[in-house]
Amino acid sequence: MNAMTNETKLSNLAKVTVEVGINLQPYQTLFINASIEALGFVRKISELAYRKGAGNVHVEWSDQELSKQRLTYASEEMLASYPNWSKGRAESFVEENAAFLNIQSTDPDAFKDIDPKRVAIQNKAAALALRKVSTARQSGKVKFCVVCIPNEAWAKKVYPHLNPKDAVEQLWEAVFQMTRVDTLEPVKEWDKHIAYLTSKVDELNEKRYRQLYFVAPGTDLTIDLPDDHLWVGGGTKTHDGVFFTPNLPTEEVFTAPLKTGVNGTVTSTKPLIYSGTVIENIQLTFKDGKIVSVNASKGLDTLKELIKTDEGARYLGEVALVPQDSPIAIRETIFYHTLFDENASCHLAIGAAYPLCVQDGNKMTGEQLGESGLNTSITHVDFMIGSNEMNIDGIQADGHREPLFRNGCWVK
Ligand code: ZN
Ligand code: ZN
């Protein structure tokens with residue numbers, strides 16, 4: 001299509017990440033959590049950040065091989081502990097209003113041979129220790145953004161029919177296209193895209209649906225929405241009014257279900273990668289919001305551990321709409337990474353709701369959020385339920401019912 005080099009596209013991705021993703025402000029600290037696979041990209045981000053006047057760029061590196069060693073050999077006692085210095089550091093970045101950037105590059109099967117119980121112990125310890133930090137993120141106190149960089153193990157999982165080199169090349173091409181950075185003016189493309197998502201959000205907020213009804217093979221589900229629910233999409237503003245885009249890419253508009261208002265059965269339509277394990281064909285049944293039955297054809301033990309995380313992990317915290325004609329969905333590829341798969345499919349999240357999904361939620365305490373009907377939990381995990389066989393209706397307070405999605409796409 002064009003002769004743009006991969007180097008230019010990678011620079012564009014860095015620019016979009018810094019300007020659209022975290023929208024870095026002068027003198028602001030940038031705290032990056034990055035996979036060692038992303039070294040070249042992190043260097044580009046860092047340079048750009050300093051050029052834009054960043055206060056300091058701090059990078060915390062991760063490596064799945066090292067993580068696997070800890071999960072394999074460390075005592076359970078160690079897995080259940082989280083270092084105080086690390087917690088203190090993350091909290092101090094919140095206090096100084098740093099921007100949080102997460103650059104992932106994972107192997108979807110990295111922890112497939114590890115006992116799911118051990119992974120759950122470590123996840124829970126981290127989630128509990130970093131609760132203040134995740135609350136600050138979820139309530140828009142600090143800016144955060146997630147991006148993904150290809151690696152060979154991941155590329156081979158996505159394109160098993162290609163040789164490793166071609167698979168990596170193909171995944172890069174897909175990432176560049178899905179993040180709109182293979183264009184001449186990527187930041188402008190993003191402005192246009194966010195304006196489109198915002199128009200969808202405005203339409204839905206005007207509708208004031210009381211209930212959504214989902215039907216598809218294996219799915220017959222009603223989701224009540226809180227009275228003061230708000231739809232969100234594209235990005236959001238921090239308390240001090242800076243707009244940022246937490247996910248690159250993003251195609252979804254979402255809100256929070258009423259915690260106790262979910263009833264029926266839902267079946268997932270794409271694999272969920274959670275903690276280095278693939279979970280397939282999830283089937284959940286809800287009664288008054290609570291998960292009362294769980295099944296999966298693969299990764300069931302991991303799913304059960306997730307749902308046992310805390311009381312809120314038995315309830316939903318997000319309902320998101322993504323049409324099957326979105327640019328990611330039309331690729332008809334399973335990416336084995338939630339950042340891409342959730343943006344190709346309607347999805348739900350097990351666990352916490354985002355406070356910004358209810359009027360004035362950002363100013364509420366946990367207790368007040370609960371009173372508004374929002375779920376709280378230390379976890380938040382999306383799973384995909386959309387397909388071109390899915391129909392969704394919106395039902396208003398007076399009982400008026402209208403089609404919202406037909407055959408997986410918006411009813412225009
Ligand atoms: Zn989502
Ligand atoms: Zn989510």
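Please treat every number below as a calculation from the coordinates, not as lab data. Values in this document were obtained by computation on a predicted structure and should not be read as measured data. When we count neighbours, we look across all protein chains shown, and the Cβ atoms used for this are built from the backbone with ideal geometry, even at glycine.
Things to note:
- Per-residue extension of 0.36 nm, minus the Cα-Cα distance of TYR50 and GLN396, leaves a gain of 119.6 nm for this segment.
- Under 18 Å between alpha carbons - lysine pairs in region 44-135 that sit 8 or more apart or on different chains: 7
- Relative to one another, the C-alpha centroids of region 160-183 and region 352-412 are positioned 32 Å apart.
- In sequence order, calculated HN-Hα J values of region 367-383 (Karplus, 6.51, -1.76, 1.60; Hz; x Gly/Pro): 5, 5, 4, x, 5, 6, x, 8, 7, 10, 6, 8, 10, 7, 10, 7, 9
- Seen from a random direction on average, the alpha-carbon convex hull of the chain projects onto 19.1 square nanometres.
- Over region 129-251: Kirkwood hydrodynamic radius from C-alpha pairwise inverse distances, Å: 17.8
- Region 185-253: translational diffusion in µm²/s, Stokes-Einstein, Kirkwood Rh over Cα pairs, 25 °C, 0.890 mPa s: 175
- FRET efficiency, ARG43 to THR72 (Cβ-Cβ, R0 35 Å, nearest 0.05): 0.70
- Residue exposure sequence - LYS304, LYS188, LYS259 - by fewest surrounding Cβ within 10 Å: LYS188, LYS304, LYS259
- Highest-first packing order for the peptide set 199-206, 43-50 is 43-50, 199-206, based on the mean count of other beta carbon atoms within 10 Å.
- Bridge orientation summary for the chain: considering DSSP beta bridges with both residues in this region, about 75 percent are antiparallel.
- Over 15 Å [Cα-Cα, region 153-219], rounded percent: 71
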